[in-house]
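Step one of this worksheet: look at the structure below.
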């Protein structure tokens, strides 16, 4: 993940629309038709690529679940998959 700080401006149009500067779109991996997630906190707005935000939320939700299932290594995962395939 990039740690560069980009400071840029955008003008708010009549319907509340803004044009994201190209350098920010490029850094976020946003293309025409993509969705963005906006998070307002502490008088700041954080913008994220919605696909990346969804992945981050999933990763946070799944934190610790592998250990709860007894999966501590790649070998444990492979063994679990092989056992499930034998059952089918």
Angle between the chain longest axis and helix 74-87 axis [Cα atoms, degrees, rounded to 10]: 60 degrees
How do 53, 40 rank when sorted from fewest to most other Cβ atoms within 10 Å of their own Cβ? 40, 53
For the chain, with a Gaussian network of springs between Cα atoms less than 10 Å apart, report the residue from 71, 38, 58 with the top mean-square fluctuation. 71
For a quick check, take a GNM of the chain with Cα springs below 10 Å and name the residue from 29, 16, 64 with the largest mean-square fluctuation. 16
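Using a Förster distance of 30 angstrom, determine the FRET efficiency expected from the C-beta separation of residue 44 and residue 66, and round it to 0.05. Spell out each step's value before the answer.
Details: r = 33 Å, r/R0 = 1.12.
Between residue 44 and residue 66 the formula returns 0.35.
Indicate the gyration tensor shape class of region 22-63 (rounded, prolate or oblate), computed on the Cα atoms with a ≥ b ≥ c the square roots of the eigenvalues: a/c under 1.5 is rounded; otherwise a/b larger than b/c is prolate and the rest oblate.
Details: a/c = 2.42, a/b = 1.26, b/c = 1.92.
Since a/c reaches 1.5 but b/c is at least a/b, the shape of region 22-63 is classed as oblate.
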Separation between the residue 15 and residue 82 pseudo-spin-labels, each 7 Å from Cα along Cα→Cβ, expressed in nm? 5.8 nm
Nearest 10 degrees, 0 to 90: what angle lies between the long axis of helix 50-62 and the longest principal axis of the chain (Cα atoms)? 40 degrees
Here FRET efficiency (C-beta to C-beta, residue 27 to residue 58, R₀ 22 Å, nearest 0.05) is 0.50
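Using a/c under 1.5 as the rounded threshold, could you call the chain rounded, prolate or oblate? The axes a ≥ b ≥ c are square roots of the C-alpha gyration tensor eigenvalues, and prolate needs a/b larger than b/c, oblate otherwise.
Numbers: a/c = 3.16, a/b = 2.86, b/c = 1.11.
Since a/c reaches 1.5 and a/b is larger than b/c, the shape of the chain is classed as prolate.
Values quoted throughout were computed directly from the atomic coordinates according to the rules given, and no laboratory measurement underlies them. All values derive from a computational prediction rather than experimental measurement. Glycine gets a Cβ as well: all are built from the backbone with ideal geometry, and neighbour counts include every protein chain shown.
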